[in-house]
């Protein structure tokens with residue numbers, strides 16, 4: 001089971017996550033992220049808002065919650081159309097690979113093109129993981145992908161990026177535990193929504209979002 005958790009939390013899983021920057025690309029363009037310190041602040045901000053929501057949704061889906069209702073909750077908690085599209089693109093990609101890795105009847109309950117955290121929760125359940133595992137995977141993914149994107153965009157020292165990501169481990173654990181214990185979070189960040197919408201109309205980007 002530990003191997004399954006590590007697989008789901010690996011941003012290199014061929015589910016399309018590597019084509020999304022989690023808002024980092026536009027944050028770099030706006031000058032908000034330019035060095036390890038500003039990246040750490042951005043990642044923490046993302047973790048405690050969209051990451052917390054993703055953790056709650058993944059935990060709920062893993063626990064056997066109503067998948068259609070959870071997908072609607074994901075929509076309601078994602079004001080930005082660009083972010084909703086990005087989430088559904090990644091959800092579809094995850095279903096394609098995880099359904100082959102962990103066949104299960106649970107997949108049949110997913111709506112078409114589900115949000116990524118909902119698909120992640122079903123994948124965790126199919127792999128024999130717990131809702132807490134699903135929440136931790138979602139919380140970790142909310143920072144690992146953007147961190148890698150920032151490293152590529154800014155040609156940052158890989159060791160520095162790895163170190164700052166590791167230092168956020170206690171925060172990842174806290175967000176995941178709170179998502180499991182306190183129910184579905186509703187945290188939002190207007191800045192992330194704005195960055196996503198500005199990014200969506202650009203034609204000179206490296207990442208899909």
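What follows draws every value from the coordinates through simple rules; no lab data is involved. Here the structure is a predicted model, which is why all the values come from computation and not from measurement. Every residue, glycine as well, gets a Cβ built from its backbone with ideal geometry; the counts of neighbours run over all protein chains shown.
Can you compute the modelled spin-label distance between residue 162 and residue 38, with each label point 7 Å from Cα toward Cβ, in nm?
Roughly 2.5 nm, to one decimal.
Give me the tail of P(r) for the chain as a percent: Cα-Cα pairs with distance above 25 Å.
Of the Cα pairs, 30 percent sit more than 25 Å apart.
Which FRET efficiency value, to the nearest 0.05, is calculated for residue 198 and residue 69 with the Förster distance at 45 angstrom and r the Cβ-Cβ distance?
The formula returns an efficiency of 0.90 here.
What is the Cα centroid distance between segment 1-78 and segment 131-209, reported in whole angstrom?
Using only Cα atoms to place each centre, the spacing works out to 5 Å.
Dividing the convex hull volume of the alpha carbon atoms of segment 1-66 by its residue count, what do you get in Å³ per residue?
In segment 1-66, the Cα convex hull volume per residue is 123 Å³.
How large is the Rg to Rh ratio of segment 111-188 when both quantities use alpha carbon positions and Rh follows Kirkwood?
Radius of gyration relative to Kirkwood radius: 1.03.
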